[in-house]
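Comments concern the structure below.
Each reported figure results from applying straightforward, stated rules to the coordinates on display, with no laboratory input. Note that the structure is a prediction, hence the values are computed from the model and not measured.
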Amino acid sequence: MLLIKWILYMRVNIFFYIFIMPALIVFYALWQYWRVSDIIDLAWHAHSAEAAGIIFRSLLAKTGIMLGALAIVVSGLAMGLCHTSAISSRKSQDQLIKMFSRCQKLLPFIMVAQMILCGLAVISLALSELVWGFSHIKLNGGSAKVLLIIVCGIGSIFWMLLKSLLSLKKCFALFHPTDNEIRGRNITREQAPALWRWIEELAVRGNVVIPDNIVTGFFDCFYVTANAVRIIDGERVTGNTLYFPLTYASLMSKDEVAAVIGHELGHFTGKDTEYSLRFAPLYAGLRNNLEQMAGNARGVSYTDKVVLYPSLYMGCWFLEKFHETVSYWSRLREHAADEAGARTGTPLALASALLRISALSDIIWQHITLLLDNKVPQENWVATLLEAAKIKGSLDVNASVENEVQHPTDSHPLTRLRLEALHIPIDETLLLLASRPASEEDYQSIMSLFTGSQDIFVAMTQEIAHEVSEQKEKYYEEQALQATRNVESFTFYGAGNTLWMWSWGLGVLCVATAFIFLLLTIGSFTGIAITVILGLLAFGLLLCFGGWTMFRNRNKALFSIDRQFLSSEDLAAPVALTDIVTCEVAETAGGAFNIHFYWRDGAPVPAMAETSSAFSDVDISAGKQRISISVTGYLRREEGNRKVSMNAAQTQELLNGYFISAYARQEINSD
């Protein structure tokens, strides 16, 4: 998951972005103030434009100091609050909900404060330098350009801060729960009275809460939610909702389904109701939205990082501090719900259901994929699933022991740990029960609960099939249009850099040093002297050879791309665009960037051409399944009789277009 990777990366960089970055702003502002501190008193008594500029610079420097210091204080207080709240949350679920809710309400204000403080501090520093420039630089052609660059820089910072402020509404919206969207049908008591009577009997047997709503569907597994639910057709239901998956239920026994329902309804009992209603949706929503923010923050400019990263890192820090506590209480909640499930059904039935659900997931999703591709009959998805499951025979449930049962908004402990808590041994009796083939008897026992409402299944099937058909038609139209694009051939060149000059210069310097050392040691050679001389000569000659190679290849084409292939003089053979699954253009220090092409599993492994040198800008990493092309400065694309410069973003957009079009043509041809 992207957010987990971001958090691991954050542990290395959090100190820099949250504390060192504002501290650097403070130090720079102190240096700015020191530059005017000796003359500030005189400036207050003078009446000139230069004196006014000095006073203004001192005020801007003080503003930068104050804002940077406030950013440090806010960060420290926020981290302390998150840390102490997370520790306090381990006392009880009530305390977890209380502490998380408090921090969740404060976090958007903290993130906003960090963005504003850092952004205004940087603007203050830039304005101070601009005032200094106007008062000390005579406006000839060169200096005017420098000042223009500073003005443009300040303008970009203002624009970046404005974008951040305009996104504040979204930032606050991240921390409010939204309705759960479900593709299914709300089943009323009038539509399925037998189902509702059975659910009520289970609730009494297990001493759990009767749900307010039952929603049936095809795509998810069993779960409950206390959040508001919006059905895809527009209906909105509130209260405690049980999601009843027709796909899983039709392939399980009635006892197994009863145990699973008892487990789910157990989440509505006692403190778990408040947890499910208040905490779980907020935590899941916050996690998803921070993950989106982390994805959007990748590749932003350095000025954006100064303003955006401290607030984003603070959000990730907040989530990380609560993650361990949330996992701890989730495990306890699930074990308590398992006890409710065992009371509602039997411990053996619940154990069998846990193993069976994991094993059925692949079968169900394989069949749904075939249904979506219109490769099996579309009359009744539940009935066709049964026939497909019968063909599979016995289930392989051994792998399910070490798996987790998937949940749309929560997490589960390993199934093995849950079976141990239920005191159910993983023996032949359990494995035979859980791995039995799908049967007509199990199917009919569940379908009997929907007597008189079977037409709902057919209607749901037809609705989804019609929607999928429309989406596919639109998709193929878009693919056909995409296939006509990006058919030109382009050749790309480097910036014609002068790195070869540096290589030559350093090589000549090494060789000259070796000869000077040789002259100084004539008549008194030692082993160390000979080693140094030979080492300098070898290194110098190697650098000279490298410089010559780079000079000879300075105008050499890096690579070419057309409607089918990626090719280069340094590659032994062209690489089909459809063999490449990902293209990344990564910026590096100094304005350079690298282009990485990752090929798919099973594709022919590219090889370097025999004529390729050790100083080539093209490199192949078989272990990472990656072709890398280094670009110093900027990339040039041949267009007619001229070469057009391209930055990293433009290159990424162009290359992505070629790969999308290539895959579109492949899909159309395969159909």
The stretch 181-224: Rg/Rh from Cα coordinates, Kirkwood Rh?
0.98
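Going through the cross-link list Lys390/Lys472; Lys91/Lys321; Lys375/Lys472, which pairs have a Cα-Cα distance over 18 Å in this structure?
Those over the limit are Lys390/Lys472.
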